[in-house]
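Working notes for the structure below.
The values are calculated or read from the model by the stated rules, or taken from the named source; none is laboratory data. These numbers were taken from a predicted model, which means no experiment stands behind them. Positions of Cβ are generated from backbone atoms using ideal geometry, with glycine treated the same way; all protein chains shown enter the neighbour counts.
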Amino acid sequence: MSARVAQRLLSLAAVALLAGLVAVAVVDRRRDEPVAAPQGATAPGGGWYDALAAPRPPGADAERTGCGLILTTRSLGVTHPVLPCGARILIRYGGETVLTQVIDDTLKETGRQFELTPALARLIGLDGTQSIEWRYATR
């Protein structure tokens, strides 16, 4: 290989390395930026729907939901007996608003409209049966 070809290859490698470092820096910076939650479709009257919700009781390891998903300890989602599987909703509780989706259609216990996975309940600070607000998420 001639010295000229080697010099060109070295220059191309340096440019590729620099481009890779810039790309990593841009992605890393974006990861630290907060992500805004969708606004959501308002309920009749311009607000939110009220509902009772509680954490989902612990199930079997790798439990399969009525929506065909396999739950883990890190799963985030809600159970609702009427909303369709995969429906994206916003849940508001205790000053927190989170975007989630319906992952099951069979409530484990009565006396509530929603059951939140334990990880989602911890995320928003929901303990026991509490009143939450919810609405459909918009794209």
When residues of the range 55-65 are filtered for being part of a loop (DSSP other than H, G, I, E, B) and either modelled with pLDDT under 90 or surrounded by fewer than 14 Cβ atoms within 10 Å (Cβ to Cβ) (or both), how many remain? 7
Among the residues of the range 45-54, count how many are surrounded by 13 or more Cβ atoms within 10 Å (Cβ to Cβ) and in a loop (DSSP other than H, G, I, E, B). 1
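When you check residue 82 against the structure, is it touching a Cys at 6+ places or on another chain (Cβ under 7 Å) and within 15 Å of residue 51 (Cα to Cα), yes or no? It would help to see each step written out before you state the result.
Details: touching a Cys at 6+ places or on another chain (Cβ under 7 Å): no; within 15 Å of residue 51 (Cα to Cα): yes.
The answer is no for residue 82.
Where in the range 78-139 are there strands (runs of 3 or more DSSP E), lying fully within it, with 1 or more residues that are in contact with a helix residue (DSSP H, G or I) (Cβ under 9 Å, 6 or more places away or on another chain), in the same structural domain as residue 68 (by TED's automatic domain parsing) and surrounded by fewer than 19 Cβ atoms within 10 Å (Cβ to Cβ)?
Details: elements: 88-93, 96-104, 114-116, 130-136.
Per the criteria, 88-93, 96-104.
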Checking residue 123 against (1) within 15 Å of the chain's Cα centre (by Cα); (2) without any contact (Cβ under 8 Å) to a residue 40 or more places away in the chain: exactly one of these is not met. Which one? (2)
Could you tell me whether residue 73 is more than 26 Å from residue 44 (Cβ to Cβ) and buried (at least 19 other Cβ atoms within 10 Å of the Cβ)? no
Scan the range 56-71 and report the pairs whose first residue is under 22 Å from residue 128 (Cα atoms) and in the same structural domain as residue 113 (by TED's automatic domain parsing) and whose second residue is in a loop (DSSP other than H, G, I, E, B) and at pLDDT below 80, with Cβ atoms within less than 8 Å and a gap of 6+ or a chain change. 71/59; 71/62
